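The values are calculated or read from the model by the stated rules, or taken from the named source; none is laboratory data. In this text, all values refer to a predicted model and were calculated from it rather than measured experimentally. Every residue, glycine as well, gets a Cβ built from its backbone with ideal geometry; the counts of neighbours run over all protein chains shown.
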Amino acid sequence: MALDRRRGRALAAPPPLAALAPRAWRGRRPGRRGRHLFASAHRALGGRAAYRQRSGGGRGDRGRGGVDLPPLRHGRAGGQVRVLLSGYYGFGNLGDEALLAEIARGLRRRFPGVEIVALSADPPATARAYGIEAAPRWDVGAVRRELTRADVFLSGGGGLLQNSTSLKSLLYYAGLVRQAVHARKVVGIFAQSIGPLDFWGKGIVREFCKGVTFATVRDDASRALLASLLPGVPVERTADPVFLYEPPERGVEDALVREGLGAAAQPLVIVSVRKTAAQREVGARVASAVDALAEQGAHVAFLPFQSPEDAEAATDIIRKCRSAPTLLPGGDLDAVARAIASAQAVIGVRLHALVLAARFAVPFAAVSYDPKVGALLSLLDYPLPALWEPGARKGDGEFSARVATQLWSERVQLAAQLRERLPELQRAARANFEILSRYV
């Protein structure tokens, strides 16, 4: 999720010089050892947050109540609960939209009658898509009202508590957590991957997220990191809620046929890419893998998870290919999920392309551009090496071609292994909601 979020421009204008991130440095000069780095425990949300990169704007209200007091169990007459969700929602990123869809479903299954509100960059679209309420993430008054009305505040899912995107992005998400803690809500860091965090990022998480009620994370490395930053907070390793995703039975077949990828066509391989810091090397590795799969008789199709960024990245890679892969138009979440389920194999840079592939027991080759991708491979105990990972030797197209050939030749065995692991992963994904129910 560390992608430059240009689509946000089309959805909402950036705020002026105010934001929901805590004012960590305003009016203070850092002293020795940085002891004045952070705002006081009762400082209002403020500062400038990242626009385009998982961030927002506006001024928040002052925290209410002591940070260190134990949280109260919340609920309404008749057992109704109101849950406020904070994530990278409403930007058209299908991975984050899949998370929101499954979190909403999981909450409804666990808490009948639950009222769900998501902070979104496009509230009308979010409300229509999931049948929930939505509030503009950059409207400070709306955020304040929703925090006041909520019983539970969940930060997640996804990779929100990291500063590889930007420090301001982290300040925005951590600032909302801090404000919810001050308001004495049940506060959960929910189904997240934590990090990467540098020195400053760790300090922000340690200061702004202290006092949260509980945390669930998607991998063991995230659990260890968050537990070290928030001693005393129960941190449990679960799994990504998207492992529970159930697509509709129909909806993508006609689109595949229009692209010449129907049941009578060649075996289908779906490729999901995004821009990364190592785009040239990643692109060369993916192109070599695509060509190797084409030589095996597969029809390779690139499928964007976020347009136009992913389509641009795919076009750059297609130009490097000797073969002639297809670039599919971007679709909605259900159509993309059905396309992945229909494939014989997947090449994935996007994390949730890999999660959906594992969900449908479709073998894949991953590009481990971010620690969360490597964590997924470890969680699955996946035997196929990544096509690329940081520190990989430059220009080794032969390696990626060998990995792609192995993926194709061993796809039946790899699919069987994924199918065997799925029940355990789904139990871990449901545990997110079981853990929440302890506090509600």
Inset, instruction - For residues that are over 24 Å from the mean Cα position of the chain (by Cα) and closer than 25 Å to Glu410 by Cβ, scanning just region 299-333, find the one that is surrounded by the fewest Cβ atoms within 10 Å (Cβ to Cβ). - result: Arg322
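I need a count of the residues in region 310-367 that are among the aliphatic types (A, V, I, L, M) and part of a helix (DSSP H, G or I).
Residues meeting the conditions: 19.
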Inset, instruction - Looking only at region 307-351, count how many residues are more than 14 Å from Val282 (Cβ to Cβ), of a type in the set (Val, Ile, Thr) and in contact with a Gly (Cβ under 6 Å, 6 or more places away or on another chain). - result: 0
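Inspect all residues belonging to region 129-142 and state whether any of them is part of a strand (DSSP E or B), closer than 16 Å to Gly90 by Cα, among the small types (Gly, Ala, Ser) and more than 19 Å from the chain's Cα centre (by Cα).
Taking region 129-142 and keeping what is part of a strand (DSSP E or B), we get 133-136.
The next check asks that each one be closer than 16 Å to Gly90 by Cα; those that pass are 133-136.
Those left that are additionally among the small types (Gly, Ala, Ser): 134-135.
Cutting the leftovers down to more than 19 Å from the chain's Cα centre (by Cα) gives us 135.
Scanning region 129-142, I find at least one residue that is part of a strand (DSSP E or B), closer than 16 Å to Gly90 by Cα, among the small types (Gly, Ala, Ser) and more than 19 Å from the chain's Cα centre (by Cα), so the answer is yes.
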Inset, instruction - Residue by residue through region 157-169, note down the ones that are farther than 15 Å from Phe208 by Cβ and touching a strand residue (DSSP E or B) at 6+ places or on another chain (Cβ under 9 Å). - result: Gly157, Gly158, Gly159
Legend entry - Trp408, sole failed condition from (1) surrounded by fewer than 19 Cβ atoms within 10 Å (Cβ to Cβ); (2) part of a helix (DSSP H, G or I): (1)
Inset, instruction - Evaluate region 400-409: report whether one residue or more is of a type in the set (Ser, Thr, Tyr) and farther than 28 Å from Asp220 by Cα. - result: yes
Inset, instruction - May I ask you to list pairs of residues, at least six apart or on different chains, whose Cβ atoms are under 8 Å apart, with the first in region 416-438 being of a type in the set (Val, Ile, Thr) and the second being surrounded by fewer than 18 Cβ atoms within 10 Å (Cβ to Cβ)? - result: Ile435/Glu236
Legend entry - All positions within region 274-296 that are within 22 Å of the chain's Cα centre (by Cα) and hydroxyl-bearing (Ser, Thr, Tyr): Thr276
Legend entry - Evaluation of Leu197 against (1) farther than 22 Å from Leu100 by Cβ; (2) aliphatic (A, V, I, L, M); (3) surrounded by 24 or more Cβ atoms within 10 Å (Cβ to Cβ) (one fails), failing number: (3)
Inset, instruction - Of the numbered conditions (1) in contact with a strand residue (DSSP E or B) (Cβ under 7 Å, 6 or more places away or on another chain); (2) buried (at least 24 other Cβ atoms within 10 Å of the Cβ), Ala142 fails exactly one; give the number of that condition. - result: (2)
Legend entry - Criterion (among the charged types (D, E, K, R) and surrounded by 13 or more Cβ atoms within 10 Å (Cβ to Cβ)) met by exactly one of Arg427, Arg438: Arg427
Legend entry - Those residues of region 202-223 which are closer than 18 Å to Ala180 by Cβ and touching a residue at least 60 places away in the same chain (Cβ under 8 Å), in sequence order: Ile204, Glu207, Phe208, Lys210, Gly211, Thr213, Phe214, Thr216
Inset, instruction - Tell me which of these Pro124 doesn't satisfy, since it passes every other one: (1) within 14 Å of the chain's Cα centre (by Cα); (2) assigned to a helix (DSSP H, G or I); (3) not β-branched (Val, Ile, Thr). - result: (1)
Inset, instruction - With the condition kept exactly as written, say whether any residue in region 389-412 is over 20 Å from the mean Cα position of the chain (by Cα), at pLDDT below 95 and among the hydrophobic types (A, V, I, L, M, F, W, C). - result: yes
Inset, instruction - Please give the number of the condition Gln413 fails out of (1) more than 25 Å from Gly158 (Cα to Cα); (2) assigned to a loop (DSSP other than H, G, I, E, B). - result: (2)
Legend entry - Among (1) in contact (Cβ under 8 Å) with a residue 40 or more places away in the chain; (2) closer than 25 Å to Leu380 by Cα, the one test that Phe302 misses: (1)
Legend entry - Single condition Leu160 does not satisfy, out of (1) assigned to a loop (DSSP other than H, G, I, E, B); (2) over 25 Å from Ile204 (Cα atoms); (3) touching a helix residue (DSSP H, G or I) at 6+ places or on another chain (Cβ under 7 Å): (2)
Inset, instruction - Tell me, please, whether a residue that is closer than 30 Å to Glu424 by Cβ, of a type in the set (A, V, I, L, M, F, W, C), at pLDDT 75 or above and outside any helix (DSSP H, G or I) can be found in region 274-296. - result: no
Inset, instruction - Answer yes or no as to whether Val336 is farther than 18 Å from Ser193 by Cα and surrounded by 24 or more Cβ atoms within 10 Å (Cβ to Cβ). - result: yes
Inset, instruction - Determine whether region 262-269 contains at least one residue that is more than 18 Å from Ile340 (Cβ to Cβ) and modelled with pLDDT under 90. - result: yes
